[in-house]
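The structure appears right after this line, and notes come after that.
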Amino acid sequence: SQTIHQWPATLVQPVGSPLSLECTVEGTSNPNLYWYRQAAGRGLQLLFYSVGIGQISSEVPQNLSASRPQDRQFILSSKKLLLSDSGFYLCAWTPGSGNTIYFGEGSWLTVV
Amino acid sequence: GESVGLHLPTLSVQEGDNSIINCAYSNSASDYFIWYKQESGKGPQFIIDIRSNMDKRQGQRVTVLLNKTVKHLSLQIAATQPGDSAVYFCAEGTYKYIFGTGTRLKVLA
């Protein structure tokens with residue numbers, strides 16, 4: 001069966017520090033991968049999606065970036081965090097277009 | 001641009017009653033729709049989906065209705081239980097998935 005893992009689960013980072021959130025999917029190949037952000041009590045905002053290695057589409061211009069160095073690995077990064085980057089970050093995957101999207105456990109980021 | 005939104009931000013339902021959560025979407029070309037349930041501090045969990053060639057789909061205690069004419073989607077939960085308390089999101093997508101802001105369902109004992 002397929003599983004998705006993301007880490008760390010929680011982190012507190014100072015303003016201006018770098019960020020790296022990692023996500024891996026097991027039990028499948030060539031998945032579509034996604035990063036979403038959810039502010040407290042709000043909906044899910046699509047940040048990045050990827051349909052293949054090295055292929056990244058950005059939905060929201062900001063100081064975040066994403067990379068897909070391997071087929072089942074998706075990384076969300078920032079060189080310098082802002083207070084507004086605080087939120088709940090969710091990695092997700094689908095086996096292909098027009099299929100159910102499955103979410104990871106989420107990562108709580110607090111920028112102080 | 002594309003958008004998916006919900007009519008009611010909070011819905012309170014008596015335990016045992018049926019719940020109906022509504023959703024509107026704007027992209028008439030959308031052909032795949034999903035409902036998710038999110039409990040506090042967790043990632044969204046898949047509930048049920050429907051494709052645009054269907055009007056209705058039933059699962060265990062849940063039914064999704066799709067009205068393409070008015071671009072409306074609804075989730076019906078039968079015999080609502082305390083464990084159904086959560087935030088519910090609708091989403092539409094093909095290669096990328098757009099979510100609404102969510103409806104909080106509160107089940108009253």
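The values are calculated or read from the model by the stated rules, or taken from the named source; none is laboratory data. Keep in mind it's a predicted model, so treat the numbers as computed, not measured. For neighbour counting, all protein chains shown are included, and Cβ atoms are generated from backbone atoms with ideal geometry for every residue, glycine included. Surface areas here come from the heavy atoms of the whole protein model, side chains and all, with no ligands, DNA or RNA. Shrake-Rupley method; radii C 1.70, N 1.55, O 1.52, S 1.80 Å.
Rounded to the nearest 5, the antiparallel percentage of DSSP beta bridges internal to chain B is 90%.
Could you state the orientation-averaged shadow area of the convex hull built on the Cα atoms of the protein assembly as shown, in nm² to one decimal?
Working: hull surface 48.9 nm².
In nm², the orientation-averaged hull projection of the protein assembly as shown is 12.2.
Each peptide in A:13-23, A:31-41 gets a packing score, the mean of other Cβ atoms within 10 Å over its residues, and the list from highest to lowest is A:31-41, A:13-23.
In this structure the protein assembly as shown gives 47 Å² per residue of accessible area when probed at 1.4 Å with all protein chains present. Within 10 Å of the Cβ of each residue in A:70-79, the mean number of Cβ atoms contributed by other protein chains is 0.
The mean number of partner chain beta-carbon atoms within 10 angstrom of a residue's beta-carbon across peptide B:89-97 is 6. Each chain gives up part of its surface: A and B jointly bury about 1600 Å² of accessible area, both sides summed, for a 1.4 Å probe. Considering only alpha-carbon pairs that sit under 8 angstrom and 6 or more positions apart, the relative contact order computed for chain B is 38 percent. The amide H of A:GLN13, built 1.01 Å from its N in the peptide plane, has A:THR110, A:VAL111, A:VAL112 as neighbours under 5 Å, considering only residues 5 or more places off or on other chains. Backbone N atoms of the stretch B:71-95 closer than 13 Å to the 7 Å Cα→Cβ label point of B:GLU15 belong to residues B:80-85.
Derived from the Cα gyration tensor, the three semi-axes of the equivalent ellipsoid of the stretch A:3-111 are 22, 14, 13 Å, largest first.
Diagonalising the gyration tensor over the Cα atoms of the stretch A:15-61 and scaling each eigenvalue by 5 before taking the square root yields semi-axes of 22, 14, 13 Å, largest first. Computed on chain A, with alpha-carbon pairs under 8 angstrom and 6+ residues apart, the relative contact order is 36 percent. Based on alpha-carbon centroids, what's the gap between the stretch B:24-59 and the stretch B:64-94 in Å, whole number please? Between the Cα centre of the stretch B:24-59 and that of the stretch B:64-94, the gap is 7 Å.
The translational diffusion coefficient of chain B, from Stokes-Einstein at 20 °C and 1.002 mPa s with a Kirkwood hydrodynamic radius over alpha carbon pairs, comes to 155 µm²/s. Averaged over peptide A:48-59, the number of partner chain Cβ atoms lying within 10 Å of each residue's Cβ comes to 1.
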